[in-house]
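Enquirer: Quick one: structure below, then a few questions.
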Amino acid sequence: MNEISNYLEENQVPTGFSNPYYVDQTEAENMVLGAVFLEPASINELILEPHHFSQKRNQLIFQAMTELRQESQGIDVVTMVHKLIGHMEEIGGTSYLTTLAVSCPTAVHLEEYQRIVLDHYKLRECKRAAANFLSRGTMEEAEGFYQTFIKMQEIGLIQSETRQAHMMTVFDEIFEEKNHGVGTGFQSLNRMTNGWNKTDLIILAARPSMGKTAFALQLAMNCCQEGGVVDVFSLEMPKLQLAKRILSNITRIDGGKWKDPYKFFTEEDQENAVKALGVYNQWNLNLHDNPRRTVADIRAQIQKTRREFPHDDYLVVIDYLQLITITGKHERYDLAVKSVTSELKQIAYQYEVPIILLSQLSRGVEQRMDKRPKMSDLRDSGSIEQDADLIMLLYRDEYYNKDNDENKIIEVDIAKQRNGAVGVVKLMFEKEFGRFVDVSG
């Protein structure tokens, strides 16, 4: 209750309400509608939609006001009566419209009235979702309640940054070095991307055995080496196996030896492995290997990490999209995938963290003479292409041309970059160690 009191006090709820501690939702809705009658142009300042109102008649009235605005007509009792023909009995007749028209003495507090209406709407939706969960008690309803709560947090958020502030940001960038986000660890890749943007959803896609998991782990390690924090969500591979891959990369001990270190390690390997364990232990690299992980699970962990490290460079790696457990009901699988990529994009923006999301490619690649992948090879590519800020496609010629075993080059094709150039970056892939380096290095 103290939180509600503080909220109303901080937001300066206008006087004139019967109870300043709890503002009646109907009274606030009537004030909004009355303000629009008083100053019709003020409707252009509102972000409200008809369903935000609690009463059906107020929904109909606001819908009519919105339509009159779109038709560039005036908003008064006469035009509203004409617009609401067929609904007059439902809204309470002309007398109710007349009462609304004189109910608001001033439109000065319209923004506060709108905020109160939105707060009540959010509370109603959360109560409805909670009631569904309590009545049915399923995990699906629990997920629905959680998603409703998250969605309600985003309603009514208004960016207050002015044009002058944007211009000053541009001015500063002209004369000061720009923060290029989270470094990739590769000079050639940094030149193309300027580092990972802290609000980007990044798709890393390739056919099986092309090296996408190894490359994702390398990117995670590079972030840690520069003092960053990383969460790796592996829905396919257990964390012990991932840890051995990381240690193989650090030590340059052949990955095959890690299957049975006691049997295959030399004394030098043992010494190098012990040193590598010390290095690995110093990193803020967290491995999560629950195969039944939902987007809500991932969000919860990201929120926890961001709370613990609010100002550090932070990177999230998810391996991979098609294994994320989908909740809710969807008419088609591509719509289910769309729900996942859309939520992950929102999470990246909300917590200011680049998310590298691994994805499979369709078998169509194998049917072509040129095996280099294209964006159209992405499974359910429409939704992925739409939500992704950056798409990287991996190609390794050695995989298809077995006679070319000396060619250790892997091509990283930046097929989409919302705020930058596209093109191919070439890296050296030391497959036996799962290690990538710049070609020039």
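Enquirer: Please enumerate, by chain and number, the lysines with C-alpha under 19 Å from the C-alpha of Lys329, excluding those fewer than 8 residues away in the same chain.
Expert: List returned: Lys151, Lys338.
Enquirer: With all protein chains present, calculate the accessible area of His330 using a 1.4 Å probe and round the result to the nearest 10 Å².
Expert: Roll a 1.4 Å probe over it and His330 shows about 70 Å².
Enquirer: Helix-derived [θ] at 222 nm for the chain: sum -39500 (n - 2.57) over DSSP H runs of at least 4, divide by residue count, nearest 500?
Expert: -15000 deg cm²/dmol, from helical runs alone.
Enquirer: Continuing with this model, one more query. Trp196's amide H: which non-local residues (gap 5+, or another chain) put their own amide H closer than 5 Å, with H modeled 1.01 Å from N in plane and none for Pro or chain starts?
Expert: Long-range HN contacts for Trp196: Val182, Gly183, Thr184.
Enquirer: Taking a ≥ b ≥ c as the square roots of the Cα gyration tensor eigenvalues, with a/c under 1.5 meaning rounded and otherwise prolate when a/b beats b/c, else oblate, which class fits region 222-288?
Expert: Judged from the Cα gyration tensor, region 222-288 comes out oblate (a/c at least 1.5, b/c at or above a/b).
Enquirer: Output the 0 to 90 degree angle, nearest 10, between the alpha-carbon long axis of helix 239-251 and the longest principal axis computed from the alpha carbons of the chain.
Expert: Tilt relative to the chain: about 50 degrees.
Enquirer: Still on this model: So what is the accessible area of the chain per residue, in Å², with the probe set to 1.4 Å?
Expert: Heavy-atom accessible area per residue stands at 54 Å².
Enquirer: If I model a spin label as a point 7 Å beyond the Cα along the Cα-Cβ vector, how far apart are those points for Gln350 and Asn286 in nm?
Expert: Once both label points are built, they end up 1.6 nm from each other.
Enquirer: Pop the C-beta distance of Phe309 and Arg252 into the FRET formula with R0 = 25 Å and round what comes out to the nearest 0.05.
Expert: 0.25
Enquirer: Right, next: For a label point 7 Å from the Cα of Glu27 along Cα→C-beta, name the residues of region 109-127 whose backbone N is under 17 Å from it.
Expert: 109-121
Enquirer: Let me ask another. Whole Å is fine, so just give me how far the alpha carbon centre of region 343-381 lies from that of region 277-306.
Expert: Value for the Cα centre distance between the two parts: 21 Å.
Enquirer: Could you tell me the center-to-center distance, by alpha carbons, between region 62-105 and region 196-223 in angstrom?
Expert: 56 Å
Enquirer: Enumerate the calculated ³J(HN,Hα) couplings along region 62-75 in order (Karplus 6.51 cos²θ - 1.76 cosθ + 1.60, θ = phi - 60°), each rounded to whole Hz, writing x wherever the residue is Gly or Pro.
Expert: Taking θ as phi minus 60°, the curve returns 5, 4, 5, 4, 5, 5, 5, 5, 5, 8, 6, 9, x, 10 Hz for region 62-75.
Enquirer: Also, I was wondering about something else. How much accessible surface does Arg293 have with a 1.4 Å probe, in Å² rounded to 10?
Expert: 30 Å²
Enquirer: Nearest 0.05, what FRET efficiency do Ser95 and Gln70 give at R0 = 30 Å with Cβ-Cβ as r?
Expert: About 0.65, to the nearest 0.05.
Enquirer: Which whole-number percentage describes the relative contact order of the chain, with Cα contacts under 8 Å and a sequence gap of 6 or more?
Expert: About 16 percent, as a whole number.
Enquirer: Something else about it: Heavy atoms only, probe 1.4 angstrom, no DNA, RNA or ligands counted: give me Ser339, Ser359, Ser135 ranked by accessible area, highest first.
Expert: Solvent-accessible surface, decreasing: Ser135, Ser339, Ser359.
Enquirer: Also, I was wondering about something else. Rounded to the nearest 0.05, what FRET efficiency do Ser342 and Ser209 have when you use their Cβ-Cβ distance and R0 = 25 Å?
Expert: Here the calculated transfer efficiency is 0.25.
Enquirer: Go through Tyr262, Ala129, Phe186 and say which Cα lies farthest out towards the positive end of the charge dipole of the chain; charges sit on Cβ, +1 for Lys and Arg, -1 for Asp and Glu.
Expert: Comparing the listed Cα positions along the dipole, Tyr262 ranks first.
Enquirer: To continue, here is another question. Suppose the chain between Gln187 and Glu49 were pulled fully straight at 0.36 nm per residue; how much longer would it get relative to their current alpha carbon spacing?
Expert: Extending this stretch completely gives an extra 44.8 nm.
Enquirer: What dipole magnitude, in Debye to the nearest 20, does the chain give about its Cα centre under +1 on Lys/Arg Cβ and -1 on Asp/Glu Cβ?
Expert: 1320 debye
Enquirer: Okay, next question. What angle, in degrees between 0 and 90 and rounded to the nearest 10, separates the Cα long axis of helix 139-154 from the longest principal axis of the Cα atoms of the chain?
Expert: So the helix axis and the longest Cα principal axis differ by about 70 degrees.
Enquirer: If you don't mind, there's one more thing I want to ask. At a probe radius of 1.4 Å, what is the per-residue accessible area of Leu285, in Å² to the nearest 10?
Expert: So the heavy atoms of Leu285 present about 20 Å² to solvent.
Enquirer: Rounding to the nearest 10 and keeping the result within 0 to 90°, find how far the Cα-based axis of helix 212-225 lies from the longest principal axis of the chain.
Expert: 80 degrees
Enquirer: Still on this structure, I have one more. Can you give me the % of accessible surface on the chain that is carbon or sulfur? Probe 1.4 Å, all protein chains present, nothing else counted.
Expert: That fraction is 50 percent.
Enquirer: Suppose every K and R has +1 on its Cβ and every D and E has -1 on its Cβ; what is the size of the dipole of region 175-291 about the Cα centre, in Debye to the nearest 20?
Expert: I would put it at about 320 debye.
Enquirer: May I pose another question? Given a 1.4 Å probe and heavy atoms of the protein chains only, how would you sort His311, His51, largest accessible area at the top?
Expert: Putting His311, His51 in descending order of accessible area: His311, His51.
The values are calculated or read from the model by the stated rules, or taken from the named source; none is laboratory data. Please read all numbers here as calculations on a predicted model, not as lab measurements. A quick note on method: Cβ atoms are made from the backbone with ideal geometry, for glycine too, and the neighbour counts reach across all protein chains shown. Protein only, heavy atoms only, side chains kept; ligands, DNA and RNA dropped before computing areas. Shrake-Rupley method; radii C 1.70, N 1.55, O 1.52, S 1.80 Å.
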